[in-house]
Amino acid sequence: MDKYVLLNPGPVNVSERVRQALLKADMCHREEEYFQVQDQIRRKLLTAFSLDPEYYTTSLISGSGTSALEMTVASTLSEGKKILVINNGVYGDRIAKIADIYHFGKVEIVSDWGKLPDLNAVEQALKDNPDVEVVALVHHETTTGLINPVNAVGSLAKRYGKIFLVDSISGLGGEDFDFKESQADFVICTANKCIQGFPGMAFTIFKKKELSRLSRIPSRSLYLNLYSWHQSQEKHGTPFTPAVQIAYAFEEALDELIEETVEKRIQRYHNVSKLLRAKFQDLGLSLYLSGVPLSNTITALHLPEGKSYESLHKRFKEKGFIIYAGQGNLQTSVFRIANMGEITESDLVRLNKVLEEVFKS
Ligand SMILES: Cc1ncc(COP(=O)(O)O)c(C=O)c1O
């Protein structure tokens, strides 16, 4: 297969160095060699995000980002308590759906896609529902490329004594995220977006002080149990067969991230998105979002009159680029161009030319 430049928000193009890491020796997941890789990934995650291992810990899970999300949502709510879900896109909606599947009591603050949540409504819901225990928010709503007000929601959650859970699956590594200021207790992410690894492993970084509460919550799933993955990994074990080769590449991707530094990666993504957005403007394309904070890694654009997403996708693919459709009710009116991952200068030069060819014609 030819090389495609992936302009979808993950899985992303990875470096040759990360790809080569897949080829390390086959290994049994119950051997010391694998546990060393697992330990290193958990340690390097904290190092990359400058987190003190005295206060923060991680659980790795083999699965997509949703596996870590569902594992965390399913494992953090005490019996009889409610979760407050802030929903302004497909991924906020996904948290709400997970809560429903587990028959959790749920309060939902829904806003239009592309709009920031109403913080007054969030506060009112917290006042009205003292049995809410967990507040859940998506950091970067990948549906539209909107950055939600993590710090403001975190401070509201804490003012009312709640646990704060953040889906930063498309955020960590690509967007500013201050663990301290956000006061987040649980942050969920995946290897294959801004971390620049392969799909197949995801993780939750969380506060150690949560462990004793987690231990008292009855297990609601055999596989998707944050506490049991953690307990096993702490004891140099794994409850189930992990994605061994994906873990090799994940560790390599973390080495790259630590060398580049999170700040510089964020800056790199920011610079590319700025260049791309200037180009989109030149070409008369209009952004779907306005008046809200934009992410560094995805731009949602209105489909130009007379162009279908399918025809655009086909033309870009013929030139070696994969663009991404709008989701849900934006499917026929919006398309998305992401700039996560290993995108080189020469990819960008070629992309500029293709953008001109497609949108000037
Ligand atoms: C914010 C957010 N949450 C959850 C997911 C789901 O991740 P996955 O498709 O890896 O299960 C995504 C995927 O794009 C996402 O962007």
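Each reported figure results from applying straightforward, stated rules to the coordinates on display, with no laboratory input. The shown structure was predicted, so the numbers you read here are calculated from the model rather than taken from an experiment. Here the Cβ positions follow ideal geometry from the backbone for every residue, glycine too, while neighbour counts run over all protein chains shown.
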Quick one: 3J(HN,Hα) in Hz for region 50-58, Karplus 6.51/-1.76/1.60 with θ = phi - 60°, rounded, Gly and Pro as x. 6, 9, 7, x, 6, 10, 10, 9, 9
Ranked from highest to lowest mean number of other Cβ atoms within 10 Å per residue, what is the order of the peptides 327-333, 274-280? 274-280, 327-333
Report for the chain the percent antiparallel among DSSP-assigned beta bridges with both residues inside it, nearest 5. 50 percent
So the FRET efficiency between LYS264 and GLN124, C-beta based with R0 = 41 Å and rounded to 0.05, is 0.50
Go ahead and run the numbers for FRET between LEU211 and ASN271, Cβ-Cβ distance against an R0 of 35 Å, rounding to 0.05. 0.35
As I understand it, the dipole of the chain uses +1 on the Cβ of Lys and Arg and -1 on the Cβ of Asp and Glu, about the Cα centre. Which of ILE322, GLY341, SER64 lies farthest toward its positive end? ILE322
Loop-located GluC sites (Glu not before Pro) in region 258-361 whose Cβ has at most 16 other Cβ within 10 Å (DSSP): GLU305
Checking the cross-link filter: which lysines have an alpha carbon closer than 16 Å to that of LYS3, excluding same-chain neighbours under 8 positions apart? LYS314, LYS317, LYS319
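Could you work out [θ]222 nm for the chain from helices alone, using -39500 (n - 2.57) per DSSP H run of at least four and dividing by all its residues? Round to the nearest 500 deg cm²/dmol.
When only DSSP H runs of four or more count, the value is -13000 deg cm²/dmol.
For the cross-link pairs LYS158/LYS207; LYS162/LYS193; LYS193/LYS279; LYS97/LYS127, which exceed 26 Å when the distance is taken from alpha carbon to alpha carbon?
Long pairs (Cα-Cα over 26 Å): LYS162/LYS193.
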Neighbour-count ranking for ARG159, ARG213, ARG265 (other C-beta within 10 angstrom, fewest to most) reads ARG159, ARG213, ARG265
Cα centroid of region 47-118 to Cα centroid of region 331-351, whole Å: 28 Å
In nm, what is the difference between 0.36 nm times the number of residues separating ARG43 and LEU283 and their Cα-Cα distance? 81.9 nm
Is there a quick way to get the dipole size of the chain? I mean about its Cα centre, with the Cβ of Lys and Arg at +1 and of Asp and Glu at -1; what is the value in debye to the nearest 20? 400 debye
